[in-house]
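The numbers here are math on the coordinates, done by the rules we state, and not lab data. Worth saying up front: this structure is predicted, and the values here are computed from it rather than measured. Here Cβ is always computed from backbone atoms with ideal geometry, including for glycine, and neighbour counts include all displayed protein chains.
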Amino acid sequence: MPGSQAMRIEPAPAGEVTTRAHEPSRCGRRVESGFRAAWWLSSPHLQTVWPTFFRPAPKVAVRRERLELDDGDFIDLDSTTRREGPRLLVLHGLEGCSGSHYVRGLLAAMHARGWRATAMHFRGCSGEPNRLSRTYHSGETGDLSRVVRELRRREPRTPLCLAGYSLGGNVVLKWLGEEGAQAEVDAAIAVSVPFLLDVAAARLTRGVSRVYQWYLLRLLRRRIVEKFRRWERAPVDVSKHRSWRSMSAFDDAVTAPLHGFRDAGDYYRRSSARRYLGTIERPTLILHARDDPFMSEAVIPSAAELSESTTLELSDAGGHVGFIGGSSPAEAHYWLERRIPEFLAARVRA
């Protein structure tokens, strides 16, 4: 992984946003975001793909630590190099890693503000296959619990916050809802969350969004084939990988059997974050664009579904993990890297 090397984790000007509340404070809030998309990136698809193809890689030094797990597997963590300061734990999206543009950009932004940041790789996403047959999925919160407990054990008095993107955002929200008042973090942010996994999977089979499905399936199939092709008794028949032509087909054939679900439908029902939003008790901000091409507006929860500690900040534009502004390509700015530190800094000060 670029900029990574073996290690142990050290023991250890914001953009203004205008919001408008739509719902009473006795439940959560849905507010309008102050984000405005760049005129030259008005399409949700351009917002989504621009950073992948045209953004120079944000530069920030990281060091790698391998956290051994009780079940015999491991998780790789990449951390910035400051020795002091609050810590942000970052969870990437489907088939992402610490080198993904949105993760690297946030690590650099937090480092510049005096924070430490740690990117947690899901199993099998750090450049090396994990040891066990299981991998990761949108509802797997046990590994996040393990990492949070370890960071808290090392530094019980250091502020610790969470940020998750897409699949990682679903994991963050589900974990917060499961833990409730026991969640050992000070605040959290989730970006471009697929609140209802079945609806999101169906959305990727329509229109231009099929391009994203094709791209993600190519990565998923390649990883699974590489992982199991040398196993004598593989739990997945990788010879059928060409038949996995949709996310639901992949989840039926791979995700569900590897992780104890009956089928893709059972996985989607039990793992979707939307059902857990009402029991979140830590200050939490959800950032979402109505034009997200990975899902429809039907997945967006109402304020009545949110807990009192949760704010859903909506923008009309932004795509999927995009949110790019600026007057020209030469002056592009990545709004998430202003908004996320702004929110977290205010909560830590409080």
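Name the long-range amide H neighbours of Leu312: under 5 Å, sequence gap of 5 or more, or other chain; modelled H, no Pro or chain starts.
Arg29, Arg30, Val31, Ile286
Rg/Rh for the stretch 197-271 to two decimals, with Rh computed the Kirkwood way over all alpha-carbon pairs.
Answer for the stretch 197-271: 0.98.
Here are a few candidate values for Rg and Dmax of the Cα atoms in Å: [x] 22.3, 81; [y] 20.7, 65; [z] 19.1, 58. Which one was actually calculated from the structure I just gave you?
[z]
Using θ = phi - 60° and the Karplus relation 6.51 cos²θ - 1.76 cosθ + 1.60, list the HN-Hα couplings for the stretch 286-295 in order, rounded to whole Hz, with x at every Gly or Pro.
Karplus-based 3J(HN,Hα) across the stretch 286-295 equals 10, 10, 8, 10, 5, 8, 3, x, 8, 7 Hz.
Mind checking which lysines have their Cα closer than 29 Å to the Cα of Lys174? Skip sequence neighbours fewer than 8 apart in that chain.
Lys227
Ratio of Rg to Rh for the stretch 130-174, alpha carbon only, Kirkwood?
On the Cα set of the stretch 130-174, Rg over Rh gives 1.03.
Based on the alpha carbons, how large is the Rg to Rh ratio for the stretch 295-350 when Rh follows Kirkwood?
1.04
By the scheme Lys and Arg +1, Asp and Glu -1, what is the net charge of all other residues having a beta-carbon under 14 Å from that of Val199?
Once positives and negatives cancel, what remains is +1.
Can you work out the Karplus-derived ³J(HN,Hα) for every residue in the stretch 76-89? Use 6.51 cos²θ - 1.76 cosθ + 1.60 with θ = phi - 60°, whole Hz, and x for glycine or proline.
These are the phi-based 3J(HN,Hα) values: 9, 10, 10, 10, 5, 9, 5, 9, 9, x, x, 10, 10, 9 Hz.
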